[in-house]
Amino acid sequence: MASQSLHHHFASLRLRTRQPRNPSPRPLTVAASKNPPLPGRKLRAAVIGGGPAGSSAAESLASGGVETFLFERSPSSAKPCGGAIPLCMLDEFDLPHSLVDRHVTEMRVISPSNITVDFGKTLRPHEFIAMLRREVLDSFLRSRAESRGAELITGLVTDLELPRSSSSPYVVHYTSGGSKRSLAVDVVVGADGANSRVAKSIGAGEYSYAIAFQERIRLPDEKMKYYENLAEMYLGDDVSPDFYAWVFPKCDHVAVGTGTVRSKREIKAYQRGIRERVRPKIEGGQVIKVEAHPIPEHPRPVRVRGRVALVGDAAGYVTKCSGEGIYFAAKSGRMCGEGIVKASEGGARMVGEEDLRREYLRQWDDRYVSTYRVLDLLEKVFYGSNWGREAMVELCGGEYVQRVSLESYMYKRLVEGDRWEGVKMAASTVATLVRCKIMSGEMGRLKAIA
């Protein structure tokens, strides 16, 4: 959240708003297509993976007239996740408020030296960060996709057989109920996470990834009261060398976790670090679940090949610095599904690679590629050292930064910032970085003498 605030601040100085505050799905226009019609049947699509990306894609496809099969290996489980979603997602994806565990209105960012900044001073009375459990969200989205006409198949996809010609089908091989089965389809949406089999089958290339480790801890009532509407983000080499650690409140417990790209083998040591930082606040708590999962660090080199498109974690759509992925997963799934519906004229025609690139990939990149590039830069500037993290926390204490960043985060739009405030902010950023680096050097020398 803190690093995202800086991204949105700097980006807002040069970009204008692209989306309405609470955009709703628009009717799809049908463009003329050169692809052949499918006489006597509808386009058949397989969506591999039933998380937010896959379920959103399946819902859009089925609602648009495409015969849709949604594969999910284990509907009862869910990816380990902090579970924070922006306010706009509730309206944009028509999510009932009953899914939300906590309405977070207090956010604290804690520096390596334990300087604390209250991040959320500019929230309006009706605004909050929604905290939910992935198993609850994922189940809801899958059920809604089914209600729109998608067929849910509980099974493990083992292989994707590629077509021998432009008109031949893709064959999905999977196991279900102890039996080996297969299904022929026209188009495939890979939403099967960071270790995507679909991505491997089309040679989509590799990407660097972080490991997230999280413990769900049930606290005594008096300590849970402290985290009722409070989320915390911790920075420092003791909790992560290149990411951050968190304490997020859920229905009856807190999620305590951390992540790293550079030192994956040491992830448990960093988890011990965050537990030590928050020990007085969680003492007496009971660990009820331990989770770990890879998190992509940048988009894959290839996200569309042939009649296969990747979305969500399979495509690498997790933002750097913050690790935010739920909204972007669901958004990419919806955009991909709507693009296929448009290109196929409501499932009446075949689609090709150029259709997927035009109607999905180019639109996604036009809207979001700058976000990933700027966050990549900010991660290098602020996350590489403790003095950089101290500087970031100090900058995030400013009311102007908080106002611009929260507006951008909550509604997923880049707001136009005040140019004079932007100039002052740039100067302050440089001065803060220099001062924190000097102070870090002095502290190191004092420790050496001692």
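None of the figures in this text is laboratory data; all of them are computed from the coordinates on show. Keep in mind that what you see is a predicted model, and the values were worked out from it rather than measured. Cβ atoms come from the backbone with ideal geometry, glycine included; neighbour counts cover every protein chain shown.
Some values worked out for this structure:
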read-out: Loop-located GluC sites (Glu not before Pro) in the range 222-315 whose Cβ has at most 11 other Cβ within 10 Å (DSSP); value: Glu283
read-out: FRET efficiency estimate (nearest 0.05) - Cβ-Cβ, Ser147 to Ser176, R0 22 angstrom; value: 0.55
read-out: Backbone HN-Hα couplings from phi across the range 382-387 [Karplus 6.51/-1.76/1.60, Hz, Gly and Pro as x]; value: 9, 9, x, 7, 5, 5
read-out: Cα gyration tensor category, rounded, prolate or oblate, for the range 209-296 with a/c compared to 1.5; value: prolate
read-out: FRET efficiency for Glu127 and Ser76, using Cβ-Cβ distance with R0 set to 30 Å, rounded to 0.05; value: 0.35
read-out: Residue-span extension gain [Val302 to Asp237] - 0.36 nm each, minus C-alpha spacing; value: 20.0 nm
read-out: Rough spin-label spacing in nm, given labels placed 7 Å along Cα→Cβ, for Asn229 and Arg108; value: 1.6
read-out: For the range 244-253, Karplus couplings with θ = phi - 60° (6.51, -1.76, 1.60), whole Hz, Gly/Pro x; value: 8, 10, 9, 10, 10, x, 10, 4, 10, 7
read-out: Full-stretch length increase - Glu222, Asp159 - with 0.36 nm per residue and alpha-carbon distance subtracted; value: 17.7 nm
read-out: The range 48-135: C-alpha gyration tensor shape, a/c 1.5 cut-off, then a/b vs b/c; value: prolate
read-out: Partners for Lys320 among lysines (Cα-Cα distance below 22 Å; same-chain residues under 8 apart left out); value: Lys79, Lys264, Lys268, Lys331, Lys380, Lys412
